[in-house]
Structure formats: structure tokens, C-alpha cells
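Colleague: Here's a structure for you.
The values are calculated or read from the model by the stated rules, or taken from the named source; none is laboratory data. If you're wondering where the values come from, they're calculated on a predicted model, not measured in any experiment. Cβ atoms come from the backbone with ideal geometry, glycine included; neighbour counts cover every protein chain shown. Ligands, DNA and RNA are stripped out before the accessible areas are found, and what is left, the full protein with its side chains, is counted by its heavy atoms. Shrake-Rupley method; radii C 1.70, N 1.55, O 1.52, S 1.80 Å.
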Amino acid sequence: MKINILTLFPEMFSGFKSESIIGKALEKNLLEINIVNIRDFCYDKHKQADDMPFGGGAGMVIKPEPLFRALETVKGKVIYTTPQGVKFNQKLAIELAQEEEITIIAGHYEGIDERVVESKVDLEVSIGDFVLTGGELPAMMMADCIARLVPGVIKKESYENDSFFNGLLDYPHYTRPAEYEGMKVPEVLLSGHHKNIETWRLKESLKRTYLRRRDLLVGRELSKEEKKLLAE
Ligand code: ADE
């Protein structure tokens, strides 16, 4: 899969591309992340990428010409990061991970010229009801979430147990030592009894979801086993 990110601040992506799971996936060519500097498509002497808004007001707007030109160099769905967009979630990430190539435009300042949105953008996406200085972090966040769903990037079991994959929050995790200053790991996890461990984890997932995010359970059919566990 190829993820293009159009930005005025390409340097912000260097750590993202070199570290940890994403860094390894890029090294193994499981994934391509193509950072496109919008300024490279400004053909005037001063390479001016933004300008004052028509009608007045605070802040600057990213100019249409460099964006239209940059978009000519990429393929696939075009996503624009904006607080006005649909809320990003795991379901959308799973859908986007099926694509061969996608492009994320990271907005900045007051945003991009609306003519680009109207004629080139397939989906406007927000990462939550708050306002950031720019779309670079949202673009990174979405790319990270999508990238780990690309086959081979992480183990399938890892994302199948994720929060939200089965519509539930994740269960608690523990590692060695089995006891730290009197705090013990739940006995069942040390038992080696796979079925009991699985049941305990499902029960903890259900409990957490019920206590913390009851909204996730609305409209979600409970399985027979889940119903039994909730009744206990
Ligand atoms: N740009 C600024 N704030 C944003 C948000 N919450 N989501 C997506 N893009 C943004």
C-alpha cells in the first residue's frame, strides 16, 4: 500500500517514518509513505504556498494552484484533514487499509482553498472535536492506524485483539514479574489454560466496555458466550 501525504511541513514526518513498527514496515517495503512538499509545486519566485483569505479575517489559506498540481502526481482516494470532517475511527481505518493508494492532504493555518475540497477531495476527516495547529499530526495518526492493518506490518492476532476490532475495548495486559511489590498478576494468566484465559479476557473486555464506553454496546449484538459472561 502507498500513502501519500501532502504537507507544508515535511520535516515533521521524519521521526514517524524512521522509528519503530512503521520504520520497520517501510524498510521491509510492506508499505510506502510518500511525503510530498506542497511548496515544491509553487512556481513563483518566493514559493508562496499560502495567502490571505478573501473576505478578510485572521489566518492564511493554502493556495489552490500548488495543491492541484501536487494532486496530479498521486492516485487513489483523497482525504483532507479538518475539524469539519467525519470522525476518524477503526472502521474507517479498516476500509482505507484495503486501498492500494491513498492521499492525505494535511491542512494548515485556516485550511486549504475550498475549490480543491470541492473538486478533488473524496473525504474530509477529523480526528476529534478539538482544533490543532495543522493536519500533520492527524495525517500521521491516520497513516499509523492504517499502516498497522496492512498485511505483514504487525501480527494478525495483534490487531484482532485490539480495542474496537470486535467492537469492545481491550482487556488488561501484564508482563513479568508475576509479582511486583505485592501487586500480583491475575492467577488465570499464569495457568497456561488457554480456554480459561480467553474467557477471562473476553469478560474483562466486556466489563471495561460496559463501565467506560457503554455507547459501544448500543446496537451491538451480544454473542451467547458474551451474554452468559455478563450475567455472571
Ligand atoms: N486540523 C486541525 N484540527 C484537526 C482535527 N481535529 N482533525 C483533523 N484535522 C485537523
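Colleague: Which whole-Hz couplings ³J(HN,Hα) result when phi for each residue of segment 218-232 is put into the Karplus expression 6.51 cos²θ - 1.76 cosθ + 1.60, θ = phi - 60°, listed in order with x for Gly and Pro?
Modeller: Computed from phi, the couplings for segment 218-232 are 5, x, 9, 5, 8, 6, 4, 5, 5, 4, 4, 5, 5, 6, 5 Hz.
Colleague: Among the listed pairs LYS28/LYS91; LYS91/LYS228; LYS24/LYS63; LYS184/LYS207, which have their C-alpha atoms separated by more than 24 angstrom in this model?
Modeller: LYS28/LYS91; LYS91/LYS228; LYS24/LYS63
Colleague: Report the residues of segment 73-102 in range of a label on ARG213: point 7 Å along Cα→C-beta, backbone N strictly under 19 Å from it.
Modeller: Counting backbone N atoms under 19 Å from the label point, the list is 86-97.
Colleague: Turning to a different aspect of this structure: In a shell of Cβ-Cβ distance under 13 Å around LYS156, excluding LYS156 itself, what net charge do Lys and Arg (+1) and Asp and Glu (-1) give?
Modeller: With Lys, Arg at +1 and Asp, Glu at -1, the net is -1.
Colleague: If you don't mind, another one. Scale the Cα Rg of segment 1-133 by the rule-of-thumb value 2.2 N^0.38 Å and send over the ratio, two decimals.
Modeller: Relative to the 2.2 N^0.38 Å estimate, segment 1-133 comes out at 1.08.
Colleague: Here's something else I'd like to know. As an exercise, use a Förster radius of 25 Å and the Cβ-Cβ distance of LYS156 and GLU198 to find the FRET efficiency, rounded to the nearest 0.05.
Modeller: Working: r = 16 Å, r/R0 = 0.65.
Plugging the Cβ-Cβ distance into 1/(1 + (r/R0)^6) gives 0.95.
Colleague: Which residues' amide hydrogens lie under 5 Å from the amide hydrogen of ILE105, considering only partners 5 or more residues apart or on another chain, with H built in the peptide plane?
Modeller: Those qualifying (amide H under 5 Å, at least 5 residues apart or on another chain) are LEU6, ILE79, TYR80, THR81.
Colleague: Give me a comma-separated list of calculated 3J(HN,Hα) values for segment 167-177, in order, Karplus coefficients 6.51, -1.76, 1.60 applied at θ = phi - 60°, integers in Hz, x for any Gly or Pro.
Modeller: x, 10, 6, 5, 7, x, 10, 9, 9, 4, x
Colleague: Also: Taking amide H positions as placed 1.01 Å from N in the peptide plane, with prolines and chain starts having none, which residues 5 or more places from SER163, or on another chain, fall under 5 Å of its amide H?
Modeller: Excluding prolines and chain starts, which carry no amide H, the hits are ASP170.
Colleague: Separate question: What percentages make up the Cα-Cα pair-distance distribution of the chain when the bins are 10 Å wide from 0?
Modeller: Reading the bins upward from 0: 7, 26, 27, 20, 13, 6, 1, 0.
Colleague: Can you list residues from other chains, or at least 5 along the same chain, whose modelled amide H is less than 5 Å from the amide H of ASN34?
Modeller: So ASN34 has HN proximity to ILE3, ASN4, ILE5.
Colleague: Calculate one ³J(HN,Hα) per residue across segment 194-204 by plugging θ = phi - 60° into the Karplus curve 6.51 cos²θ - 1.76 cosθ + 1.60, and present them in order as whole Hz with x for glycine and proline.
Modeller: With the stated coefficients, segment 194-204 comes to 4, 5, 5, 5, 4, 5, 4, 5, 4, 5, 5 Hz.
Colleague: Then there is this: Select from LYS45, LYS24, LYS156 the residue whose mean-square fluctuation is largest in a Gaussian network model of the chain (Cα-Cα springs shorter than 10 Å).
Modeller: Of LYS45, LYS24, LYS156, the Gaussian network model singles out LYS45 as fluctuating most.
Colleague: If you rank HIS193, HIS173, HIS108 by how much accessible surface each has, with a 1.4 Å probe, what is the order from largest down?
Modeller: I get HIS173, HIS193, HIS108, largest accessible area first.
Colleague: Put MET140, MET52, MET12 in order of accessible area, largest first, 1.4 Å probe: what do you get?
Modeller: Values: MET140 30, MET52 145, MET12 90 Å².
The residues order as MET52, MET12, MET140, largest area first.
Colleague: So which of LYS47/LYS87; LYS156/LYS195; LYS120/LYS155 end up more than 27 Å apart, counting from Cα to Cα?
Modeller: Values: LYS47/LYS87 33 Å; LYS156/LYS195 19 Å; LYS120/LYS155 35 Å.
Over 27 Å Cα-Cα: LYS47/LYS87; LYS120/LYS155.
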